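The values are calculated or read from the model by the stated rules, or taken from the named source; none is laboratory data. Since the model is a prediction, treat every value here as computed from it, not as a measurement. Here the Cβ positions follow ideal geometry from the backbone for every residue, glycine too, while neighbour counts run over all protein chains shown. Protein only, heavy atoms only, side chains kept; ligands, DNA and RNA dropped before computing areas. Shrake-Rupley method; radii C 1.70, N 1.55, O 1.52, S 1.80 Å.
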Amino acid sequence: MQFPLIPTYHRINYHLPQGVAGASAHTPMKPVADALQKRELRLMKNREAARECRRKKKEYVKCLENRVAVLENQNKTLIEELRTLKDIYRHKVE
DNA sequence: CCCGCCAAACGTCACTTTCA
DNA sequence: TGAAAGTGACGTTTGGCGGG
């Protein structure tokens, strides 16, 4: 994979809100600063959201794995029990 | 040491879902 | 219905480990 010189998400004007990225010398710079600040806030929130999302997913997967382990044990026990009962039955009919 | 490789964690974007 | 939160996908970074 090619390593981009400047990753897209580090480019200053990347995906600024509509009508802001191309601010010319004639337009005041404040809206640009506001938009940048807004973008930074959005990125920060999303960063944290992504972390939380991964944490929850990891926890969920761990729960599922625990459940699998429990069910596998139950299954083993039941198979063993069935074997025992079959043995008892066989001895009775003999 | 210094690589190359791998897995896990990360940041961002784009899209979806939720909720006031 | 629009803003905010949640999440899948993708590319990047990081840290550990074995082999030369």
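Given the structure, is residue A:41 at pLDDT 90 or above, of a type outside the set (D, E, K, R) and either open to solvent by 100 Å² or more (accessible area, probe 1.4 Å) or within 10 Å of DNA strand C (Cβ to nearest atom) (or both)?
Values: at pLDDT 90 or above: yes; of a type outside the set (D, E, K, R): yes; either open to solvent by 100 Å² or more (accessible area, probe 1.4 Å) or within 10 Å of DNA strand C (Cβ to nearest atom) (or both): yes.
For residue A:41, the condition - at pLDDT 90 or above, of a type outside the set (D, E, K, R) and either open to solvent by 100 Å² or more (accessible area, probe 1.4 Å) or within 10 Å of DNA strand C (Cβ to nearest atom) (or both) - is met.
What about residue A:26, is it modelled with pLDDT under 50 and open to solvent by 80 Å² or more (accessible area, probe 1.4 Å)?
It is false that residue A:26 is modelled with pLDDT under 50 and open to solvent by 80 Å² or more (accessible area, probe 1.4 Å).
Please identify the pairs in which a residue from the range A:32-52 that is within 9 Å of DNA strand B (Cβ to nearest atom) has its Cβ atom under 7 Å from the Cβ atom of a residue that is modelled with pLDDT under 90, counting only partners at least 6 apart or on another chain.
A:39/A:16
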